[in-house]
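We did not get these values from a lab; they are worked out from the coordinates using the rules stated. Everything numeric here is computed off the predicted structure, so don't read it as measured data. Note: ideal-geometry Cβ built from the backbone for every residue, glycine included; neighbour counts use all protein chains shown.
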Amino acid sequence: MGIFDFVKSVGTKLGFGEDEPKADDLKKELDSHKLGTDDVQVVVEGDKAVLKGTVKDQSAFEKAIIAVGNSLGVSKVEASELTIDGASDSKEPVFYTVKKGDNLWKIAEAQYGKGKGDKNNIIFEANKPMLTSPDKIYPGQVLRIPELD
């Protein structure tokens, strides 16, 4: 897959007083979510994080991207060298950048259609463990939007 954009000035602060994220700090943040990313390497090139290695499934692939991308100082995540174990082809992820005034209900209606705000729990579940509460989203944060079954 390609390169995914994030808002550099928002996100989880890693390290102490540093503007540029360090690869070790991003790797610790990624591993803290226990996504099965033990074999994933993180390389930092300026404000871009490059993910290399293998993950178990599409969900872990997408969560790895947002776990690293939603870190302060990261403006792009490159995942062209991140593969899914046993998959010959993966789907292009759908991400949404939270805007001021958004909540998960509004995002669900915007992504799934009018009257589907009650699907907000699907978005919340798809972004665990990075999201710990449906009320704790912030402008600039990037969320993964799963397909409806």
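Using the structure shown, select from LYS63/LYS106; LYS8/LYS106; LYS63/LYS136; LYS99/LYS136; LYS8/LYS128; LYS114/LYS136 the pairs with a Cα to Cα distance greater than 19 angstrom. Intermediate results must be reported in sequence, preceding the final value.
Working: LYS63/LYS106 21 Å; LYS8/LYS106 24 Å; LYS63/LYS136 17 Å; LYS99/LYS136 13 Å; LYS8/LYS128 22 Å; LYS114/LYS136 23 Å.
Those over the limit are LYS63/LYS106; LYS8/LYS106; LYS8/LYS128; LYS114/LYS136.
Once you keep just the Cα pairs under 8 angstrom separated by 6 or more residues, what percentage relative contact order results for the range 74-148? Walk me through the intermediate numbers first.
On the way: 74 pairs, mean separation 28.3, N = 75.
The normalised contact order for the range 74-148 reaches 38 percent.
How big is the C-alpha Rg of the chain next to the rule-of-thumb value 2.2 N^0.38 Å, as a ratio?
1.01
Pairs of Cα atoms under 8 Å, at least six residues apart: use those to get the relative contact order of the range 35-100, whole percent.
The value is 33 percent.
Show me 27-36, 113-122 ranked by packing, highest mean number of other Cβ atoms within 10 Å first.
27-36, 113-122
Is the shape of the range 95-144 rounded, prolate or oblate, going by the alpha carbon gyration tensor and its root eigenvalues a ≥ b ≥ c, with a/c under 1.5 for rounded and a/b larger than b/c for prolate?
Verdict is oblate for the range 95-144.
If contacts are Cα pairs under 8 angstrom and at least 6 residues apart, what is the relative contact order of the chain in percent?
Normalised by residue count, the contact order of the chain is 27 percent.
Report the calculated FRET efficiency for SER133 and THR97 (r = Cβ-Cβ distance, R0 = 25 Å), to the nearest 0.05.
The computed FRET efficiency comes out at 0.85.
Can you tally the net charge around PRO139? Count Lys and Arg as +1, Asp and Glu as -1, for every other residue whose Cβ sits under 10 Å from the Cβ of PRO139.
Around PRO139, the surrounding residues sum to +1.
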